[in-house]
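The values are calculated or read from the model by the stated rules, or taken from the named source; none is laboratory data. Everything numeric in this text was worked out from a predicted model, so none of it was measured. For neighbour counting, all protein chains shown are included, and Cβ atoms are generated from backbone atoms with ideal geometry for every residue, glycine included. The area values use the complete protein model at the heavy-atom level, side chains included, leaving out ligands, DNA and RNA. Shrake-Rupley method; radii C 1.70, N 1.55, O 1.52, S 1.80 Å.
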Amino acid sequence: MLLAVGAAYLIDELGRAESVPVPTLADSNPVFQTISGRELAIPRSWFRYGEQIRGGFTDQIDLRIMILPDGAQHAVSMDVTLLPPSRARSSATLLDRVYLHQFAGETLRGVPGLVGKPMQPQDGYAGENVWYDALSPNPFVAKCQQPVAGRAAAQCVRTAYLPSGIAAIYTFDVALLQSWRQIDPKIQLWLEPIGAW
């Protein structure tokens with residue numbers, strides 16, 4: 001009986017995964033949502049979770065977009081969560097107020113233009129690294145973490161305040177760090193047309 005129920009859930013999940021459209025910049029059929037006093041027109045196919053596809057006021061919007069770095073052959077997905085600025089602190093602020101005090105002594109290499117620092121494992125940050133642009137007054141900062149289990153790739157998180165006043169949390173595969181200078185401009189291509197930038 002349990003095997004039959006498990007098989008039913010598996011078949012249902014596989015069916016959903018195949019029916020989820022890949023978001024594109026050409027998508028239409030917008031849902032109008034208001035966050036932080038701004039009305040956004042978001043295509044239905046961009047939402048990560050079906051239960052969020054409804055109009056009106058909200059305090060969180062979870063999107064999935066596709067980023068194609070210059071020179072890459074395949075686009076990669078990126079999760080973007082939009083929030084009121086009072087619910088998030090930018091990664092640049094966290095760099096100065098939190099991360100700098102938690103760095104281990106060594107410096108990581110491998111991402112041109114960024115300084116990589118591992119976090120001290122005894123502070124509960126085992127397997128986490130912070131990558132930042134040390135030359136900018138408003139630096140690009142991303143915190144990356146190895147997966148808890150399995151063979152999934154490490155994920156990075158960056159929080160930024162958009163010119164619109166909305167906060168955005170980007171979650172992306174660590175391989176995208178090699179194109180870090182392109183991340184914000186590529187996200188702008190998606191968020192500006194919906195009114196979030």
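Data table
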{"quantity": "Sequence of GLU192, GLU128, GLU51 when ordered by accessible area, the most exposed leading, probe 1.4 angstrom", "calculated": "GLU51, GLU192, GLU128"}
{"quantity": "Probe 1.4 Å, all protein chains present, accessible-area order of ARG64, ARG48, ARG89, largest first", "calculated": "ARG89, ARG64, ARG48"}
{"quantity": "Dipole-positive endmost among TYR99, THR34, PHE57 within the chain (Cβ charges, Cα centre)", "calculated": "TYR99"}
{"quantity": "Angle in degrees between helix 2-19 and the longest Cα principal axis of the chain, rounded to the nearest 10", "calculated": "80 degrees"}
{"quantity": "Percent accessible area from carbon and sulfur atoms, the chain, protein chains only, probe 1.4 Å", "calculated": "55 percent"}
{"quantity": "Over region 116-194: Kirkwood hydrodynamic radius from C-alpha pairwise inverse distances, Å", "calculated": "13.8 Å"}
{"quantity": "On Cα atoms only, tilt of 180-194 relative to the major axis of the chain in degrees", "calculated": "30 degrees"}
{"quantity": "ALA75/GLN146 FRET efficiency (R0 22 Å; Cβ-Cβ; nearest 0.05)", "calculated": "0.35"}
{"quantity": "In Hz, Karplus ³J(HN,Hα) per residue of region 133-140 (6.51, -1.76, 1.60; θ = phi - 60°; x = Gly, Pro)", "calculated": "8, 6, 9, 9, x, 10, x, 6"}
{"quantity": "Size descriptor, Kirkwood hydrodynamic radius, that averages inverse alpha-carbon separations across the chain, Å", "calculated": "18.5 Å"}
{"quantity": "Residue-normalised accessible area of the chain, given per residue in Å² at a 1.4 Å probe", "calculated": "57 Å²"}
{"quantity": "For TRP131, solvent-accessible area (1.4 Å; no DNA, RNA or ligand), Å²", "calculated": "20 Å²"}
